[in-house]
Amino acid sequence: MKLRKRRRKKKKAAAERAKSFATMLVKRMEICIELVKFAIKFVIAQVEEVINENLRHRRPPPPVAMRMRSLSPPLPFVGPL
C-alpha cells in the first residue's frame, strides 16, 4: 500500500515538474516573440527615417521645358520646298 502511494506521489511530482517546465517554456517563447516584434518595429522605423531623409535631400527635377527639349533632338533645316 505504501509503495503505491509513493509511486503516485512520484508520478504527481513528475507531472507537476513537467507542467511547470512547459509553463516556463511558453513564457520564454512569449518573451522571445515580443522581443522579435520590438526589433522588427525598430528596424522599420530606422529604414523609414533613412528613406525620408534621402527624399528630403533629393535634387528637384528640372523644369518641364528643359525636359521636353532633351527628349526631342533638333531637326536639321532642309530648306524651302
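None of the figures in this text is laboratory data; all of them are computed from the coordinates on show. Just so you know, these numbers come straight off a predicted model, no measurement behind them. All Cβ positions, even for glycine, are placed from backbone atoms using ideal geometry, and neighbour counts span all protein chains on display.
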> With a ≥ b ≥ c the root eigenvalues of the C-alpha gyration tensor of the range 2-57, is it rounded (a/c under 1.5), prolate (a/b larger than b/c) or oblate?
Replying inline: prolate
> Contour minus end-to-end for Val43 and Glu16, with contour as 0.36 nm per residue of separation and end-to-end as the Cα-Cα distance?
Replying inline: 5.7 nm
> R0 = 41 Å: FRET efficiency of Arg28 with Glu53, Cβ-based, nearest 0.05?
Replying inline: 0.65
> With charges only on Cβ, +1 for K and R and -1 for D and E, what is the dipole size of the range 2-57 about its Cα centre, in debye, rounded to 20?
Replying inline: 1880 debye
